[in-house]
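S.K.: One structure coming up, written as structure tokens, with questions to follow.
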Amino acid sequence: MTDRLLERIAAITPNPLTTLVYTHPHMDHIKGSPRLVEAVRAQGRELRIIGSNQLVTAMDRYQQQLPRPTEVVPAPVGFFEFDGKRFKLATPVDVAHSTADSYVLFPDGVITFIDFVYANRMPLHDYSGVQNMTGYIEFLRPVAGEQWTFANTGHSNVSSPREVAMFLDYTKDLYDAWFEVIPENWGVPEYLRGKVKDDYIAV
């Protein structure tokens, strides 16, 4: 897997891989970092790893046996330099999809935020992977407010501001419907049964 990644990078640019940015502590995105560090070291270099101080706290909490960032950027907003350009690394909330979710805003109209919005499926599909739904929305609001054209959103997805706006609108509709229904129908026994006035309400 590491060899294939390095081969694909080499097919795009003659420049060596020098920098890795951690966006959040989920293992399906960062567990390959030890092999990447070793592969770069075998080429005679040390890999530069960037992450927020909030991410370091999360890695320690989860006792992840992975390379720690060599450069720690302060949350909620910090910056780092790469190839003579300035990149923004923002960690706007404590818990959203995961603890320590960050987005990276590139100087050329590209943004990276992983596991939030996918252009090829409806927003409801992704709610199941959310640790904090309020934080999820509060993370996407500053993303929507940034100036960008294309997003790398993980798992081979490329998205646009339109997908983020649709996600926020869709979620607002769900919240609006919920708060229209719940004041007249709230009751702990009914809530626990999931049945109110012969209608089922999904939480």
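Derivation of every value follows stated rules applied to the coordinates shown; laboratory data play no part. None of the values given here were measured: they were computed from a predicted structure. So basically every Cβ, Gly included, is an ideal-geometry build from the backbone, and we count neighbours across all protein chains shown.
S.K.: Please give the helix 161-185 orientation as an angle from the longest Cα principal axis of the chain, in degrees from 0 to 90, rounded to the nearest 10.
M.R.: The two axes meet at around 30 degrees.
S.K.: Rounded to the nearest whole Å³, what is the per residue volume of the convex hull around the Cα atoms of segment 2-200?
M.R.: 149 Å³
S.K.: As a footprinting exposure proxy, order Glu138, Glu7 by other Cβ within 10 Å, with the fewest listed first.
M.R.: Glu7, Glu138
S.K.: Return the percentage of antiparallel bridges among DSSP beta bridges fully within segment 2-200, rounded to the nearest 5 %.
M.R.: Within segment 2-200, antiparallel bridges account for around 65 percent of the total.
S.K.: Quick one: if you stick a label point 7 Å off each Cα along the C-beta vector at Ile12 and Arg41, how many nm between them?
M.R.: For Ile12 paired with Arg41, the spin-label model returns 2.5 nm.
S.K.: Give the dimensionless ratio obtained when the Cα radius of gyration of segment 13-128 is divided by 2.2 N^0.38 Å.
M.R.: With N residues counted in segment 13-128, Rg over 2.2 N^0.38 Å equals 1.10.
S.K.: Taking other Cβ within 10 Å of each residue's Cβ, how do Ser33, Ser102 sort, fewest first?
M.R.: If I rank by nearby Cβ atoms, fewest first, I get Ser33, Ser102.
S.K.: Would you mind ranking Thr149, Thr171 by Cβ crowding within 10 Å, fewest neighbours first?
M.R.: Least crowded to most crowded, the residues run Thr149, Thr171.
S.K.: For a Förster distance of 22 Å, can you work out the FRET efficiency between the beta-carbons of Gln131 and Phe179, rounded to the nearest 0.05?
M.R.: 0.50
S.K.: What residues have an amide H closer than 5 Å to that of Asp101, excluding those fewer than 5 places away on the same chain, when H is modeled at 1.01 Å from N in the peptide plane?
M.R.: Close amide H contacts, sequence-distant or interchain: Ala96.
S.K.: So if I place +1 on the C-beta of Lys and Arg and -1 on the C-beta of Asp and Glu, and nothing else carries charge, what would the dipole magnitude of the chain be about its Cα centre? I want it in debye, nearest 20.
M.R.: On the way: 19 positive and 25 negative charges, 145 e Å.
Computed charge dipole of the chain: roughly 700 debye.
S.K.: Put +1 on the Cβ of every Lys and Arg and -1 on every Asp and Glu Cβ in the chain; which of Leu6, Tyr127, Phe82 then has its Cα farthest towards the positive end of the dipole?
M.R.: So the residue furthest toward the plus end is Leu6.
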